[in-house]
Each structure stands twice: as C-alpha cells, then as structure tokens.
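Trainee: Dropping a structure here in structure tokens format, bear with me for questions.
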Amino acid sequence: MASLWTIHQQPRMVRVNGREYRYPARMFYRLAYRLWFPSGRVLTKTKDVKTRSAAVVLLRDAEKLEARSQRAILDQTDVRMFHAIGLLTAAEAEQFLGRPPDLTWEKLVQKYEKYSATHCRPNTHRENMRRARQLVDHLTRRGITPEVVTTEDTEDWKAERKRAGVSNRTVNIELNILWQLLDGAFEDGRNPARRVGKLDSAKMARLPRALTPEEDEAVMRLIWEDRGLLAGQLWWMYLLYRFGGLRRDEARLLPWVHVLEDRVLIQEVKLEEHELSRIDEFDQDTWRPKERDARAVPLPKWVMEELRTMPRTSRLVFSEHGRAFLPSTITRAFKRILKKVAPELTLHDLRHTYITEQMENGVPPARVQRLAGHKLLSTTERYTHIAIEARVRNLEQAYRSIPDREALVRTVGTGYPPTM
C-alpha cells in the first residue's frame, strides 16, 4: 500500500567545485507507492512534498494508482491525470498508453512528416505536408486537441470542405491524412476519424486510354518527322515511353549504366547537382521510382539497336548540356505532336498503350504488373477491358517502312541533331 513518511533533514554542508554550501534543517513529507506496468514489471517510487495537506491529497491519488495499475484497469484518462499531478513520468505514462501522454498537433505533424518523407516522392510529400498543416490549423482554430477529436468534429470538417466546393477526391486525400495524423493519438481501432467514411470518387471511373492501331502508327511517323525536338532526342525518348512503358521521370533521369544489352533498369539514381533540372528536388539528390521498387524492363531488339546509335554526351541518356530536361519541357514536346492525332492524347497514354499491348499478347497480369511497376494488381487489371481481342498490327514493320529511315542511319554517323 502507498505510505506517507515525515522526513526531518539535519543541517548539512555540501562542497561543490571547491565552494561550500550550507543547507539548513528542514522537514518534508515523502510519499512511497508502487506501480505495476503492463509488462509485469513492478516499480517502487517516491515523491517528496513540502506541505502535509498536499501530501495527504497525493496519498489518496497514489493509492488509486497502485490499485488500478495492479488490477490492470488504468484507462487513458487515468494515465493522463496521474501524469498531470506528477505521480507518473512521461516515460512511465507512455508504457501504459503506448505513446507520449502530452501529444500536441505539432508532434503529430512531425511524426507524419517522417512517414510521408519516407514513403512518398518529394512533390507528393510537400503537398501532403501542406494539407496536413491546413487540417491542423482548422482544428486548432476550433480549440480541438488531438485527444478530444470526435467523429462529429471530423464530419463537421468534411461538410465544411464540401461547402467550400472541394472535390470528393481532394476531401478523401485530406481525410486519409487526418486518419494517419490521429493514429498516433489513439490506440489501435479507437481513432474516431476512421469511423468517418470517404466520399464517392470518380477517379477510377476513367479507364486507361490506349492508342488505336491507326493512332499508334500516325504518332510514330509524326515523332520521326519532328525528331529534332528535345535537342534531337525526341525519337529515342519516344521509343522508351512507347515500347518500355516508362513513366516520364523514369526515362528523363535514366543513366546509361542502367541500359543493358536487352533491357533497361528502373531503380534509384544518385544525381549530381549539375545534372538536376532547376526544379528537381530529391532527398539527398537521389531519385527513386514511384513505388520505390526496382524493376527491369525488356525492350524489343530493334529498339535496343536504335538506342545504341544515340550519341553519349553525358551520364544521363537524355539531357541538354549535361542537365536533365524539365518535366514540362518533355510534356509540351509530346503534346505538340500527339494533339495532331487526337486532342485528348497525353504522353502517359503511350504507357497505357504499352501495358494494353502486353495484356492483349497474353502476358499474365502479375507479370505485366511487374513490368509496369504497379503497386497493386487491381491497377493492372483495369487494362483488361481493351484486351478482349488482339489488335492486328506490327509496328516494327511500320518502322521498317519509313521512307527515309536510311537517312537517319547515315546522319547519326556525322553528328546529331541532323539537319532538318
């Protein structure tokens, strides 16, 4: 049982760094009590109190703490109360709660920032942090602390965002961030924000847009005719996007050492500062694939032959004066050509076409998932709607039939870009 002792301390002299300090006689009250932790460990603690009245009040609280910890019935409210009056240290309270007892929004944001920086690309991470701080500002203005957030508070916030005209998709993204923020303030399964459902979103309603055989061949011919764009590297860049299904940055930041005999490797790349474009910001100057998972993408033999004819002017396959292209520069160059075929076509549709072609050729979805670098198999299976029957075409034959193909071969040997 908790006990209270009266301590009479005699006068004493203490020497510190050659100087003597005199402490007069004093009387105080020492509270002794025991703690039973969830791990089974038992700890005897003492606390000194100046006045008897305060010591008597703390004695009653210490008896409650002893009894409840021994019977393992301490709840969150009890732990926070005993921590507030000084019977539990922050480290001891954390052993009962599984998290620090004095959580603030700032601490939760810092914890989420570490998670986001580890699992998201730099641009996504910056956007996540902007949304997280916007959420915290909203809840702070209403005087809501992490421990007292309720389902009603979350519903009110969601309704307010909808009244402001925010799309369902954006609200769902912000709600997901709020879930992750509050996971650090509540025990498993008790996060009130997770009881609030997401809104219907039409994000997955749009199926991937693959080029038709006619569009496919038309794009190849137009790319060939305008191959002088992007410092004369447009043609080779197109080959990787169309026949490797690479994402924009996967080709933009591809180094030559990742181009093998019959495939290219998509994995993290350590870049020098002089190789980055003026808007690139990567953690420790290291670019990582979208799902942070390396993969190898085989390419047709004729595509690899074309890549080998490309002059090597820097460590990166595609660069201008040794520096990576701006993402927007690549997008605009391809958009300029693709809109001649169909106004709605985008650079990413070349990737859609590659994945669709794999599905049509009977490649197992799990294999296509790996080639495309999809995190979920369900993402890959969205392409099955256009794989009902194989399209009859042979783009390699179309490439061979380009009238002035031999002119390209002759020009490559005399420097690039060729005279248009």
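The values are calculated or read from the model by the stated rules, or taken from the named source; none is laboratory data. No experiment lies behind these values; they were computed from the predicted model shown. Using ideal geometry, Cβ is built from the backbone for each residue, glycine included, and neighbour counts are taken over all protein chains shown. Only protein heavy atoms, including side chains, enter the accessible area calculation; ligands, DNA and RNA are left aside. Shrake-Rupley method; radii C 1.70, N 1.55, O 1.52, S 1.80 Å.
Trainee: Name the single residue that is modelled with the lowest pLDDT among those in segment 93-106 being part of a helix (DSSP H, G or I) and not hydrophobic (A, V, I, L, M, F, W, C). I'd like the intermediate steps shown before the answer.
Mentor: Residues of segment 93-106 part of a helix (DSSP H, G or I): 93-97, 105-106.
Checking which are not hydrophobic (A, V, I, L, M, F, W, C) leaves us with 94-95, 106.
Values: E94: 76, Q95: 82, E106: 88.
Here the answer is E94.
Quick grid of which residues meet (1) within 21 Å of C120 (Cα to Cα); (2) not acidic (D, E):
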site: E281; (1), (2): yes, no
site: P289; (1), (2): yes, yes
site: P298; (1), (2): no, yes
site: K301; (1), (2): no, yes
site: E305; (1), (2): no, no
site: P311; (1), (2): no, yes
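Matching residues to (1) among the hydroxyl-bearing types (S, T, Y); (2) touching a helix residue (DSSP H, G or I) at 6+ places or on another chain (Cβ under 7 Å); (3) at pLDDT 90 or above; (4) open to solvent by 20 Å² or more (accessible area, probe 1.4 Å):
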{"site": "L265", "(1), (2), (3), (4)": "no, yes, yes, yes"}
{"site": "L271", "(1), (2), (3), (4)": "no, yes, yes, no"}
{"site": "P300", "(1), (2), (3), (4)": "no, yes, yes, yes"}
{"site": "E306", "(1), (2), (3), (4)": "no, yes, yes, no"}
{"site": "V317", "(1), (2), (3), (4)": "no, yes, yes, no"}
{"site": "I330", "(1), (2), (3), (4)": "no, yes, yes, no"}
{"site": "L347", "(1), (2), (3), (4)": "no, yes, yes, yes"}
{"site": "Y354", "(1), (2), (3), (4)": "yes, yes, yes, no"}
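Trainee: So, one more: Looking only at residues that are assigned to a helix (DSSP H, G or I) and closer than 26 Å to S328 by Cβ in segment 357-387, which one is least open to solvent (accessible area, probe 1.4 Å)?
Mentor: Going through segment 357-387, the residues assigned to a helix (DSSP H, G or I) turn out to be 357-360, 365-372, 377-386.
Okay, now just the ones that are also closer than 26 Å to S328 by Cβ, so 372, 379.
Values: A372: 1, T379: 43 Å².
For segment 357-387, the residue satisfying everything is A372.
Trainee: Go through (1) within 30 Å of P100 (Cα to Cα); (2) under 26 Å from the mean Cα position of the chain (by Cα) and name the single condition L199 misses.
Mentor: Status for L199: all satisfied but (1).
Trainee: So in segment 2-22, with the set limited to residues that are open to solvent by less than 100 Å² (accessible area, probe 1.4 Å), of a type in the set (A, V, I, L, M) and part of a strand (DSSP E or B), which one is nearest to Q70 (Cα to Cα)?
Mentor: That would be L4.
Trainee: I would also like to ask the following. Could you tell me which residue of segment 319-328 is surrounded by the fewest Cβ atoms within 10 Å (Cβ to Cβ), considering only residues that are over 16 Å from G228 (Cα atoms) and not polar (S, T, N, Q)?
Mentor: Kept after step one, since they are over 16 Å from G228 (Cα atoms), are these residues of segment 319-328: 322-324, 326-328.
Right, trim to not polar (S, T, N, Q) and you get 322-324, 326-327.
Values: G322: 12, R323: 17, A324: 24, L326: 15, P327: 17.
Here the residue is G322.
Trainee: Name the one entry in V166, V109 that is open to solvent by less than 60 Å² (accessible area, probe 1.4 Å) and either within 30 Å of W36 (Cβ to Cβ) or part of a loop (DSSP other than H, G, I, E, B) (or both).
Mentor: Numbers: V109 fails: either within 30 Å of W36 (Cβ to Cβ) or part of a loop (DSSP other than H, G, I, E, B) (or both).
Exactly one of V166, V109 is open to solvent by less than 60 Å² (accessible area, probe 1.4 Å) and either within 30 Å of W36 (Cβ to Cβ) or part of a loop (DSSP other than H, G, I, E, B) (or both), namely V166.
Trainee: Would you confirm, using the coordinates I've provided, whether V297 is assigned to a strand (DSSP E or B), farther than 30 Å from D156 by Cβ and in contact with a His (Cβ under 8 Å, 6 or more places away or on another chain)? Let's see the steps before the verdict.
Mentor: Working: assigned to a strand (DSSP E or B): yes; farther than 30 Å from D156 by Cβ: yes; in contact with a His (Cβ under 8 Å, 6 or more places away or on another chain): no.
Considered against the rule, which asks whether it is assigned to a strand (DSSP E or B), farther than 30 Å from D156 by Cβ and in contact with a His (Cβ under 8 Å, 6 or more places away or on another chain), V297 comes out as no.
Trainee: Tally up the residues in segment 112-141 that are surrounded by fewer than 18 Cβ atoms within 10 Å (Cβ to Cβ), at pLDDT 85 or above and either aliphatic (A, V, I, L, M) or outside any helix (DSSP H, G or I) (or both), please.
Mentor: Residues in segment 112-141 being surrounded by fewer than 18 Cβ atoms within 10 Å (Cβ to Cβ), at pLDDT 85 or above and either aliphatic (A, V, I, L, M) or outside any helix (DSSP H, G or I) (or both): 2 in total.
Trainee: For the structure I just gave you, tell me whether K339 is more than 18 Å from G244 (Cα to Cα), open to solvent by 60 Å² or more (accessible area, probe 1.4 Å), without any contact (Cβ under 8 Å) to a residue 60 or more places away in the chain and over 24 Å from the mean Cα position of the chain (by Cα).
Mentor: On the way: more than 18 Å from G244 (Cα to Cα): yes; open to solvent by 60 Å² or more (accessible area, probe 1.4 Å): yes; without any contact (Cβ under 8 Å) to a residue 60 or more places away in the chain: yes; over 24 Å from the mean Cα position of the chain (by Cα): yes.
For K339, the condition - more than 18 Å from G244 (Cα to Cα), open to solvent by 60 Å² or more (accessible area, probe 1.4 Å), without any contact (Cβ under 8 Å) to a residue 60 or more places away in the chain and over 24 Å from the mean Cα position of the chain (by Cα) - is met.
Trainee: Do you know which of the residues in segment 62-77 that are at pLDDT 85 or above and open to solvent by 40 Å² or more (accessible area, probe 1.4 Å) is farthest from the chain's Cα centre (by Cα)?
Mentor: E63
Trainee: Would you mind telling me which numbered condition in (1) within 22 Å of G98 (Cβ to Cβ); (2) buried (at least 19 other Cβ atoms within 10 Å of the Cβ) P192 fails?
Mentor: (2)
Trainee: Tell me which residues, restricted to segment 62-92, are of a type in the set (A, V, I, L, M) and in a helix (DSSP H, G or I).
Mentor: Initial filter on segment 62-92 (of a type in the set (A, V, I, L, M)): 62, 65, 67, 72-74, 79, 81, 84-85, 87-88, 90-91.
Those that are of a type in the set (A, V, I, L, M) and in a helix (DSSP H, G or I): A62, L65, A67, V79, M81, A84, A90, A91.
Trainee: Show the residue pairs meeting these rules: Cβ distance below 8 Å; 6+ apart or different chains; first residue within segment 73-90 and closer than 15 Å to L103 by Cα; second residue assigned to a loop (DSSP other than H, G, I, E, B) and of a type in the set (S, T, Y).
Mentor: Every condition considered, the pairs that remain are H83/T89.
Trainee: Confirm whether A55 is within 17 Å of M1 (Cα to Cα), part of a helix (DSSP H, G or I), open to solvent by less than 70 Å² (accessible area, probe 1.4 Å) and among the small types (G, A, S).
Mentor: Values: within 17 Å of M1 (Cα to Cα): yes; part of a helix (DSSP H, G or I): yes; open to solvent by less than 70 Å² (accessible area, probe 1.4 Å): yes; among the small types (G, A, S): yes.
Spelling it out, A55 is indeed within 17 Å of M1 (Cα to Cα), part of a helix (DSSP H, G or I), open to solvent by less than 70 Å² (accessible area, probe 1.4 Å) and among the small types (G, A, S).
Trainee: Answer yes or no as to whether R80 is of a type outside the set (A, V, I, L, M), open to solvent by 70 Å² or more (accessible area, probe 1.4 Å) and over 25 Å from the mean Cα position of the chain (by Cα).
Mentor: Working: of a type outside the set (A, V, I, L, M): yes; open to solvent by 70 Å² or more (accessible area, probe 1.4 Å): no; over 25 Å from the mean Cα position of the chain (by Cα): yes.
It is false that R80 is of a type outside the set (A, V, I, L, M), open to solvent by 70 Å² or more (accessible area, probe 1.4 Å) and over 25 Å from the mean Cα position of the chain (by Cα).
Trainee: Which residue out of E360, E344 is within 27 Å of D262 (Cβ to Cβ), touching a residue at least 12 places away in the same chain (Cβ under 8 Å) and charged (D, E, K, R)? Show your work before the answer.
Mentor: On the way: E344 fails: within 27 Å of D262 (Cβ to Cβ).
Exactly one residue qualifies, and that residue is E360.
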